[in-house]
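The values are calculated or read from the model by the stated rules, or taken from the named source; none is laboratory data. Because the structure is predicted, anything quoted here is derived from the model rather than measured. Here the Cβ is made from the backbone with ideal geometry for all residues, glycine too, and neighbour counts use every protein chain on show.
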Amino acid sequence: MRVVIEFKNASVTYRGGVRALKNVDLTINDGEFIVIVGLSGAGKSTLLRAVNGLVPATEGSVTVDGREVVGASAKDLREIRSDVGMIFQTFNLVLRTSVLNNVLMGRLSMVPLWRSTLGMWPEEDREIAMQSLERVGIVEKAYVRASNLSGGQQQRVGIARALAQEPKVLLADEPVASLDPVTSHIVMRDLQRINGELGITTFINLHFLDLARAYGKRMVGLRAGELVYDGDIADVDDTTFREIYGRAITPDDILETKE
Amino acid sequence: MTAGARPAPPKKSVRPYLVAVAVTAFTIFAAKEVGLSLSQLTENFKTGRDFLARFFPPDWEWAKENVPGPMIETIQVAILAAIIGCSVALPIAFWASKLTANNKWVYYIDKWFLNVIRTIPDIFWAMLFVTGIGYGPFAGLLALIMFSLSIMGKLLSETIDSADPGPLEAAKSTGAGHTQAVQASILPQVMPNYVAYALYIFELDIRASTVLGIVGAGGIGRVLEAQRAFFRFDRIMAIVIVIFVFVFLIEQVSVFIRRRLV
């Protein structure tokens, strides 16, 4: 199995001294679908953002496809990032522009500034953007303003934008935390299907334990910045969650019981 | 659910009353200092009435020959100044926002630059350029460019400050360079505001350009100043009416477009 993401003794210390990630060792293989769970503030988002350097690791090493993220030059970092798609809890779409323009954002690193500024995208890039929209099933919305879409549709545009990068890795930071339960399952199934169809290594932060159990294959548990669990999702039971969370499971940790 | 105890209403603050007293006191004090008195107004009313009579009837015969050329020059200067000033202001505004500046040095230097040029009034810019490059509309144009730039820089950079940073993070995560990420994620967010500000600045430029001629920067203001020197108040009246009509019409159109934008 080929290693795609590797953390070696990686730590993140924020300015002001907060240690969000402590000496993490983690190896992720090509094509894996891996879920991170932990309390809010445990460092889940930091772990994810250390992969593409949006939050740079301050110690240790993080590699993506063999390339070192820690201390990478701006140019190298951009190259690494172009291989890593990311989707966000709040979708992070430009609401005032069309769905297609949002998806084309995934092609920015492939075209010169004047092309993206004037909207003169090469035909291949438009084609890739359209195919990405087809893959998440909302190509008919291509010319609609992003603000006119529902939350679930907006997140699928977010996924399409990441797919337009033709990435090796997909990072998903609480992708369903802003969605209702039904839409949450649709989006999670989309991610699972894309992982299966395209073999893109997928690394997801999830708050809800039942979603982690339903969709994950491998699970990583974070507690106060430390990696406290790493194993097959099939072996996970309530005791495991209690250990990761440091407390008993409450209804707030489960999606299905929430209205 | 059991209801919790209702909270006590917050204590009434005396601050609004103190502010009201302070503002009143300052107004009385300042009025005394500048010699505002109603008796002076009524005493001078008769001479004022005679003075006003000299403005009528407006000298339209003269105006037909002498006003259109300089008025068109004034409008051209205002249009050019708004276009050039607002274009130059675009990158400068992006450097003046913490969200989109390339680094903190660019941000601090640019912020300082904008603060300096904003403290200089438009009429002073005109005097500066008239002294530097000589009389004429070109000095007026440069003055209004600085004026437009300073306003757009301030307004747009503050709009950028309040833009949603999420799409910028998303653009950066795709591996886009800084300028490209900003262009794709922040520019579309502030674009309607930018166009609205540009129209507003054009209105300000039209109004400002009518007076800049007084210090020698060309346009209708130059004609106005010349007639004032000859005490031809009937001609001044004609000019003022023309300026009023133009400014009024342009503002109506601009306000109409701006309402549609934001």
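So here's what we get for this one:
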| item | result |
| --- | --- |
| Subset of the stretch A:63-86 [within 12 Å of chain B (Cβ to nearest Cβ), without any contact (Cβ under 8 Å) to a residue 60 or more places away in the chain and touching a strand residue (DSSP E or B) at 6+ places or on another chain (Cβ under 6 Å)] | A:Ile80 |
| Residue in the stretch B:182-191 that is of a type in the set (Ser, Thr, Tyr), at pLDDT 85 or above and out of contact with any helix residue (DSSP H, G or I) (no Cβ under 6 Å at 6 or more places or on another chain) present | no |
| Those helices (runs of 4 or more DSSP H) lying entirely in the stretch B:163-240 with at least 2 residues among the hydroxyl-bearing types (Ser, Thr, Tyr), more than 10 Å from chain A (Cβ to nearest Cβ) and under 30 Å from A:Phe91 (Cβ atoms) | B:187-212 |
| Residue under evaluation B:Tyr200, criteria (1) hydroxyl-bearing (Ser, Thr, Tyr); (2) modelled with pLDDT of 90 or more; (3) more than 20 Å from B:Lys98 (Cβ to Cβ), criterion not met | (2) |
| Subset of the stretch A:194-212 (residues that are of a type in the set (S, T, N, Q) and loosely packed, with under 15 Cβ neighbours inside 10 Å) | none |
| Residues that are free of Cβ contacts under 8 Å to residues at least 12 places away in the same chain, closer than 17 Å to B:Gly219 by Cα and in a helix (DSSP H, G or I), drawn from the stretch B:132-162 | B:Ile133 |
| Candidate set: the stretch A:49-82, residues that are part of a strand (DSSP E or B) and of a type in the set (A, V, I, L, M); chosen: the one nearest to the chain's Cα centre (by Cα) | A:Val64 |
| Qualifying residue in the stretch B:100-115 (condition: assigned to a helix (DSSP H, G or I), of a type outside the set (Ser, Thr, Tyr) and within 30 Å of A:Asp173 (Cβ to Cβ)) | yes |
| Residue check, B:Ala143 surrounded by 20 or more Cβ atoms within 10 Å (Cβ to Cβ), within 14 Å of chain A (Cβ to nearest Cβ) and out of contact with any Gly (no Cβ under 8 Å at 6 or more places or on another chain) | no |
| Residues of the stretch A:1-46 satisfying the condition of being outside any strand (DSSP E or B) and small (Gly, Ala, Ser) | A:Gly16, A:Gly17, A:Gly31, A:Gly38, A:Ser40, A:Gly41, A:Ala42, A:Gly43, A:Ser45 |
| Unique residue being within 14 Å of chain B (Cβ to nearest Cβ), over 14 Å from the mean Cα position of the chain (by Cα) and buried (at least 17 other Cβ atoms within 10 Å of the Cβ) when the list is A:Ala160, A:Ala172, A:Ala146 | A:Ala146 |
| When residues of the stretch A:88-123 are limited to those that are more than 8 Å from every other protein chain (Cβ to nearest Cβ) and among the small types (Gly, Ala, Ser), the one farthest from A:Gln155 (Cα to Cα) | A:Gly119 |
| Every residue from the stretch A:83-119 that is assigned to a loop (DSSP other than H, G, I, E, B) and either farther than 26 Å from A:Leu206 by Cβ or aliphatic (A, V, I, L, M) (or both) | A:Leu93, A:Val94, A:Leu95, A:Arg96, A:Thr97, A:Val111, A:Pro112, A:Gly119 |
| Condition check for A:Thr240: surrounded by fewer than 17 Cβ atoms within 10 Å (Cβ to Cβ) and farther than 30 Å from A:Gly137 by Cβ | no |
| Residue count, the stretch A:12-39 (criterion: closer than 25 Å to B:Ala171 by Cα and either free of Cβ contacts under 8 Å to residues at least 12 places away in the same chain or over 16 Å from the mean Cα position of the chain (by Cα) (or both)) | 6 |
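So that you can scan it fast, the table gives a plain yes or no per residue for (1) assigned to a helix (DSSP H, G or I); (2) more than 30 Å from A:Asp125 (Cβ to Cβ); (3) not acidic (Asp, Glu):
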{"site": "A:Glu166", "(1), (2), (3)": "no, no, no"}
{"site": "A:Leu170", "(1), (2), (3)": "no, no, yes"}
{"site": "A:Thr183", "(1), (2), (3)": "yes, no, yes"}
{"site": "A:Arg189", "(1), (2), (3)": "yes, no, yes"}
{"site": "A:Val220", "(1), (2), (3)": "no, yes, yes"}
{"site": "A:Leu227", "(1), (2), (3)": "no, yes, yes"}
{"site": "A:Glu243", "(1), (2), (3)": "yes, yes, no"}
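Yes or no, residue by residue, for (1) more than 30 Å from A:Gly151 (Cβ to Cβ); (2) surrounded by 22 or more Cβ atoms within 10 Å (Cβ to Cβ):
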site	(1), (2)
A:Gly71	yes, no
A:Asp83	no, no
A:Val103	no, yes
A:Arg107	no, yes
